[in-house]
1. Just subtract the alpha-carbon distance of residue B:378 and residue B:135 from 0.36 nm times their residue separation and send over the number in nm, one decimal.
2. Cα convex hull of region A:107-178: mean projected area in nm², to one decimal?
3. Taking the Cα centre of each part, how many Å lie between region B:195-220 and region B:157-186?
4. Given only helices, namely DSSP H runs of n ≥ 4 each adding -39500 (n - 2.57), what is the per-residue ellipticity at 222 nm of the protein assembly as shown, to the nearest 500 deg cm²/dmol?
5. Roughly how tilted is helix A:158-169, in degrees to the nearest 10 and between 0 and 90, from the longest Cα axis of chain A?
6. Just checking the output field for B:366-379: average partner chain Cβ neighbours within 10 Å of each residue's Cβ?
7. Inside 10 Å of the C-beta atoms of A:420-427, what's the mean count of C-beta atoms belonging to other chains?
8. Using a 7 Å offset from the Cα along the Cα-to-Cβ direction at both residue B:240 and residue A:307, what is the distance between the two label points in nm, to one decimal?
């Protein structure tokens, strides 16, 4: 038996993920201690949490403190310690050692890491710590994005995993996907394969062109390179470097960080947080676009080229709710632009559904994390709009792996996406 | 007798403008979802009705009935029409469709309620909503006229009987809480608590008179479709599915009354009446009478029109849960809570689930249908067999009530 979570300690409560996750706990009425290096930082985390849920009423469930003065005392009283410090293995391990010494024997410890090995993070701690340790990967901002990954490692007590799953899906209102303790888990593995592939292709085809070609009409709320600017180039690099180093599958080459992005990071170009990434605005608020070859920006108006007609056909069909018609235009379009878009989108379907069995148990797990974590059309939604048999034909034509779940759906002649409570139309964008 | 075969609601959290979509996409998804949910073939539909308040303003589009024809080739030639009575537009469409079925003109009617509201800023949208009041006299040049009008409803309760804002806060908290159980509710991931609803802060500012943001329903994009059928059609439909017609939901009773458009005229008219909105009370009593039930205690739940907490406060005594002016008693005794004696808005209502104006009446009827057929999922009221809906247009102007049961 695992006892109920009556109080939570958040480490790193000043950061985006720490304060956002703390807001989720406090909003559920669970007393939550926000810890940071200084009290001022912890208080800033609390203010951020209030602004994220748009209420000062949650503060009655929040207290603040510092690592130096309050960590041991707060952790000793906690049922759940939630770590959201910097994404660095050694930093995290230092905190875990302190937590291990102070925690109650049955206290659960979770990390919000977006891709480090869960087993490696708790290696060296007590057996009790390791049995009560797992990953809870919220997506930013956690108060808005409800998709979350739950990642036990091989030594996690199954009762702890089951309990945390109920907590997340129940009082915390999360859409929970359980994944294996594999690099970057499910969402970031599948998502950053696409994002990095588009970044690679941008070197040859241009930033603005690639971002528009693989834009919202291909099943995502936000264009891919705008997304990378939002996430931050440093975070992007950490995720793809980890995947490049620790996975060896058909997508290996797609995880290699483009050289121009490394140069940008070295020059301090990290996306929106440094007011410059793939896109930035000049003093007159004109949008400028990065030219990867020159490491310099040019006005968007100068580099924008007309998109091929099939993109307009897709958008026009989506605009009036005819999603199958849009995907038919996607499938039948001729020309190198159409081939390029199909390479990325079919690659996403192939790689996403191909992780079933390795990273997740079911296709719906990949679908849910891409839908509720990334706000992308889940692979199964795209397959259903194209048709399973037709998708297989296109994958074979593109020399992409055909996932087993897709073959089964084609044999049974059934839809892959079975979520009666989810509008599949919400994943098609004409904006 | 008119049967309800089922229906479909779009996810009210969606922003169809951000998705880049036209109002016809909303109609298309709702109808396709409804046909899939009920298993009714498009060839079986005899007539289509659309309830909508102001697509001409929000989406620069009228003539919405014609979009039904566009959904499926089998709908070619389908007789259609569009109905408007402000926030009661959906219920007016349902009344028209059910009257046609009762008259024997048609056996199977498709009814869609739809509103796309996120096309404009809140201030512009608030001005459009002002046309549901007497625009020149009550809304022209007024910022957010409707919160002010329903704030006045609260003031009138206060004047006649006394009213505490903490009771209104409980109504808000219950609706938001229920919405968390509803996978299609707009606010299902939002934060709300009674403490938050009680406090006035930068995050919960006063928006009109005594009403704060937490007292208001939402600006919502949404479409809902249901299928109504004659006894003949429903009997064959049930037989085909190996079930009994008695297990289908039906409209057991209805009420429909219209009060003067101007709020002050309503209040003047009811000065000597124990009920502040006597025409709403009459719509409720008409529906009870037609359904052959004595009072609200024959109901297992209510989906009411909580465009503001004050309108739900009004609904509590007008449905007869308490004597006039004593709605606070039902609130304090938690009668209206999800597990209370007579739960109100298990869906989350307009405050929690959302209020796409012209779709709301149809959404209420669909939720009542899901409840009495045991299909409401996480927000199912246990063993519900009879539900009422109350859909109000304007400041208590058009009142429509349905009693739905098995």
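What follows draws every value from the coordinates through simple rules; no lab data is involved. Since the model is a prediction, treat every value here as computed from it, not as a measurement. Don't worry about glycine lacking a Cβ; one is built from the backbone with ideal geometry, like all the others, and counts go over all protein chains shown.
1. The span from residue B:378 to residue B:135 would gain 83.4 nm if fully extended.
2. Working: hull surface 18.0 nm².
So the mean shadow area of the Cα hull is 4.5 nm².
3. Taking the Cα centre of region B:157-186 as reference, the centre of region B:195-220 is 11 Å away.
4. -12500 deg cm²/dmol
5. 70 degrees
6. 0
7. Counting Cβ atoms of other protein chains within 10 Å of each residue's Cβ and averaging gives 6.
8. 4.1 nm
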